[in-house]
Amino acid sequence: MDKSKTKMVPEMTPEVKDYLQLLMREKKLDVLPAKLQSEMLLDLFVRYMDYLLANTATSLEEDNRDQFDKLLDSGAPQEEINDFIKKNVDSAKVAQETNQEFRDIFLGNK
């Protein structure tokens, strides 16, 4: 497999896992076989993280957005990216908005 095309997926925190499993239960997907649920959870996690990253980027002021893009494009260490986000983003607000929007989209409320 060509590793250059493999997407790095961060570790799923217990809070995010609980949130995504709740969404799956609300959508009645908890009746599916365990293996399929695990695969769906991972897929949902990747989609959630992509959505969170997009919302994080759009919450930045334009100058910071350019810096953020450069950090991501350069393959900067995750710690450096996290530090940048902590300094420039209201993470609690972005996470709350992302969770609500993602929930609405996933459950078909939007």
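The numbers here are math on the coordinates, done by the rules we state, and not lab data. These numbers come from a predicted model, not from an experiment. Every residue, glycine as well, gets a Cβ built from its backbone with ideal geometry; the counts of neighbours run over all protein chains shown.
For first residues located in region 16-30 and of a type in the set (A, V, I, L, M), partners that are part of a helix (DSSP H, G or I) and surrounded by fewer than 12 Cβ atoms within 10 Å (Cβ to Cβ) and lie 6+ apart or on another chain with Cβ distances below 9 Å form the pairs 29/36.
The requirement of being in contact with a Ser or Thr (Cβ under 6 Å, 6 or more places away or on another chain) and surrounded by 13 or more Cβ atoms within 10 Å (Cβ to Cβ) is fulfilled nowhere in region 60-74; no residue meets it.
Scanning region 74-103 for residues that are within 19 Å of residue 63 (Cα to Cα) and part of a helix (DSSP H, G or I) yields 74, 80, 81, 82, 83, 84, 85, 86, 87, 88, 91, 94.
Yes/no matrix, rows are residues, columns are (1) farther than 18 Å from residue 104 by Cα; (2) assigned to a helix (DSSP H, G or I); (3) of a type in the set (Lys, Arg):
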{"site": "18", "(1), (2), (3)": "no, yes, no"}
{"site": "25", "(1), (2), (3)": "no, yes, yes"}
{"site": "37", "(1), (2), (3)": "yes, yes, no"}
{"site": "55", "(1), (2), (3)": "no, yes, no"}
{"site": "72", "(1), (2), (3)": "yes, yes, no"}
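Candidates are the residues of region 15-38 that are under 28 Å from residue 77 (Cα atoms) and surrounded by 12 or more Cβ atoms within 10 Å (Cβ to Cβ); the one that is nearest to the chain's Cα centre (by Cα) is 16. The combined condition, being surrounded by 13 or more Cβ atoms within 10 Å (Cβ to Cβ) and part of a loop (DSSP other than H, G, I, E, B), is fulfilled by residue 12.
Restricting attention to region 99-110, the residues that are surrounded by 12 or more Cβ atoms within 10 Å (Cβ to Cβ) and either over 17 Å from residue 43 (Cα atoms) or aliphatic (A, V, I, L, M) (or both) add up to 3. Restricting attention to region 62-82, the residues that are over 17 Å from the mean Cα position of the chain (by Cα), under 15 Å from residue 10 (Cβ atoms) and of a type in the set (D, E, K, R) add up to 1.
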